[in-house]
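Participant: Shown below is the structure under consideration.
Read the figures in this text as sums done on the coordinates, not as results from a lab. What you are looking at is a predicted structure, and each value in this text was computed from that prediction instead of being measured. Ideal geometry is used to build each Cβ from the backbone, glycine not excepted, and the neighbour counts take in all protein chains shown.
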Amino acid sequence: MHRSYDSINRRQFLLGGFGWLPFFRRKTIALEGARFRILRHGGKRRYLHIHGNEPTARETLIAHLARHSGTAYLIESQDRNVPIGRGGKLDPNRMFSRAGAEKNLRLLNPAWSGEQIRAALDSLDRGRERLVRALLPPHGGLLLAVHNNAQGYSVRDEIASSDQVSLKDPEHPHEFFLCTQAGDFERLAASPYNVVLQHSTPPEEDGSLSRLAARRGARYVNLECAIGKRKEQAEMLEWAEMNLR
Ligand SMILES: [Zn+2]
């Protein structure tokens, strides 16, 4: 058994495929109750699935990574919110700033005392940078996050807080890209899909990763599709893969 296992690893090493050095690299990374499985497949690109109750996005991303290079971070949860502190809840896409996390903790944990809120925020502050450094791509790289929405939320909700908007597919407002850099907006606006650009600082900081990426000048693209739109999400992700260089 050992022998064939070694030869498989040796072959993967020689081919430069993913899975080499499997014993020296971390397989998960966490901030409070937000734990991410790491899938490494070479390259500079980063991918993120952060909401556990968005299975179409997760399936699309896993299938995508089998054919393209990049490192994916997949939340290990079936729920949107993750545990924090004693019996608390937190939306993991609201933990990327203290102000955003505070608003979200107050909303989701109305019975918590000010001291409980403060302790949770201090803990997030201590661990945040380590996760952010892992998620943000190296210079010139791109972070692509995949999300699903249900009824209600659509590109229309982002228009007011966007710097530029291109609605090539207004009949399908649930399917859209959100990006933080003008160059990516230009390319995505040439696609058949909806796209918004958000790179200036909004009056209200919501603690999302897109806002952190915008503040730090990192290339970030968010892909939103209605839940269940597997074919559409795969097609849009492929378009971004091939056209954002
Ligand atoms: Zn989401």
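Participant: Compute the distance from the alpha-carbon center of segment 40-109 to that of segment 151-170, in whole Å.
Facilitator: So the two Cα centres are separated by 22 Å.
Participant: Counting only Cα atoms, I'd like the Rg/Rh figure for segment 164-232, Kirkwood definition for Rh. Write down the numbers at each step before the final one.
Facilitator: On the way: Rg = 12.4 Å, Rh = 12.6 Å.
Rg/Rh for segment 164-232 comes to 0.98.
Participant: Which one, Val155, Pro170, Leu209, is farthest towards the positive end of the dipole of the chain when Lys and Arg carry +1 and Asp and Glu -1 on their Cβ?
Facilitator: Sorting the options by dipole projection puts first Leu209.
Participant: Please turn the phi angles of segment 109-117 into ³J(HN,Hα) values with the Karplus equation 6.51 cos²θ - 1.76 cosθ + 1.60 (θ = phi - 60°), one per residue in order, whole Hz, x for glycine and proline.
Facilitator: 10, x, 7, 5, 7, x, 5, 5, 4
Participant: Further question: For Leu136, which sequence-distant residues (separation of 5 or more, or a different chain) have an amide H within less than 5 Å of its own amide H, given hydrogens modelled in the peptide plane?
Facilitator: Those qualifying (amide H under 5 Å, at least 5 residues apart or on another chain) number zero.
Participant: Moving on to the next point. Among Ala63, Ala101, Ala120, whose mean-square fluctuation peaks in a Gaussian network model of the chain (Cα, cutoff 10 Å)?
Facilitator: Comparing Ala63, Ala101, Ala120 in the GNM, the peak value goes to Ala63.
Participant: Give me the distance in nm between label points sitting 7 Å out from Cα along the Cα-to-Cβ direction at Gln151 and Arg245, one decimal.
Facilitator: 4.4 nm
Participant: Hey, another quick one. Would you list which aspartates and glutamates come within 16 Å of Lys44, measuring only between C-alpha atoms, while excluding same-chain residues fewer than 8 positions from it?
Facilitator: Result set, ordered by chain and number: Glu241.
Participant: Out of Ile84, Ile50, Ile75, any idea which swings most in a Gaussian network model of the chain, alpha carbons joined below 10 Å?
Facilitator: Comparing Ile84, Ile50, Ile75 in the GNM, the peak value goes to Ile84.
Participant: Okay, next question. Considering the alpha-carbon set of segment 118-245 alone, what are its Rg and its Dmax in angstrom?
Facilitator: Using the Cα atoms of segment 118-245, the pair Rg, Dmax is 15.0, 46 Å.
Participant: In a Gaussian network model over the chain where Cα atoms closer than 10 Å are linked, find which of His172, His139, His68 has the largest mean-square fluctuation.
Facilitator: Comparing His172, His139, His68 in a Gaussian network model of the chain, the most mobile one is His139.
Participant: Along segment 89-104, what does the Karplus equation 6.51 cos²θ - 1.76 cosθ + 1.60 (θ = phi - 60°) give for ³J(HN,Hα), rounded to whole Hz, x for Gly and Pro?
Facilitator: 10, 8, 7, x, 8, 10, 9, 8, 8, 5, 5, x, 5, 4, 4, 5
Participant: Another question about this same structure. With θ set to phi - 60° and the Karplus curve 6.51 cos²θ - 1.76 cosθ + 1.60, what are the ³J(HN,Hα) couplings of segment 206-222 in order, to the nearest whole Hz, using x for Gly and Pro?
Facilitator: So the Karplus estimates, Gly and Pro as x, are 9, x, 7, 5, 5, 5, 5, 4, 4, 4, 8, x, 8, 6, 9, 10, 9 Hz.
Participant: Work out the length of the dipole vector of segment 77-152 about its Cα centre, built from +1 on the beta-carbon of each Lys and Arg and -1 on the beta-carbon of each Asp and Glu, and round it to the nearest 20 debye. It would help to have the intermediate numbers written out before the result.
Facilitator: Working: 12 positive and 7 negative charges, 9 e Å.
The dipole magnitude comes to about 40 debye.
Participant: Cross-link partners among aspartates and glutamates for Lys229, C-alpha distance below 13 Å, same-chain residues fewer than 8 apart left out?
Facilitator: Leaving aside aspartates and glutamates fewer than 8 places away in the same chain, those within reach of Lys229 are Glu54, Glu59, Glu175.
Participant: Within straight cross-link reach of Lys103, meaning Cα distance under 16 Å, which aspartates and glutamates are found once same-chain residues fewer than 8 apart are removed?
Facilitator: Asp91, Glu115, Asp122, Asp125, Glu204, Glu205, Asp206
Participant: Magnitude of the Cβ-charge dipole of the chain, K/R +1 and D/E -1, about the Cα centre, nearest 20 debye?
Facilitator: Details: 37 positive and 28 negative charges, 270 e Å.
With Lys and Arg at +1 and Asp and Glu at -1, about 1300 debye.
Participant: Å³ per residue of the Cα convex hull, for the chain? Don't skip to the answer; put the middle values down first.
Facilitator: Values: hull volume 34.9 nm³, N = 245.
Normalising the Cα hull of the chain by residue number yields 142 Å³.
Participant: I want the antiparallel fraction of DSSP beta bridges within the chain, as a percent rounded to 5. Write down the numbers at each step before the final one.
Facilitator: Values: 21 of 39 bridges.
Bridges in the chain are about 55 percent antiparallel.
Participant: Moving on. Amide H neighbours of Lys89 under 5 Å, at least 5 residues apart or on other chains, H built in the peptide plane: list them.
Facilitator: Ile84
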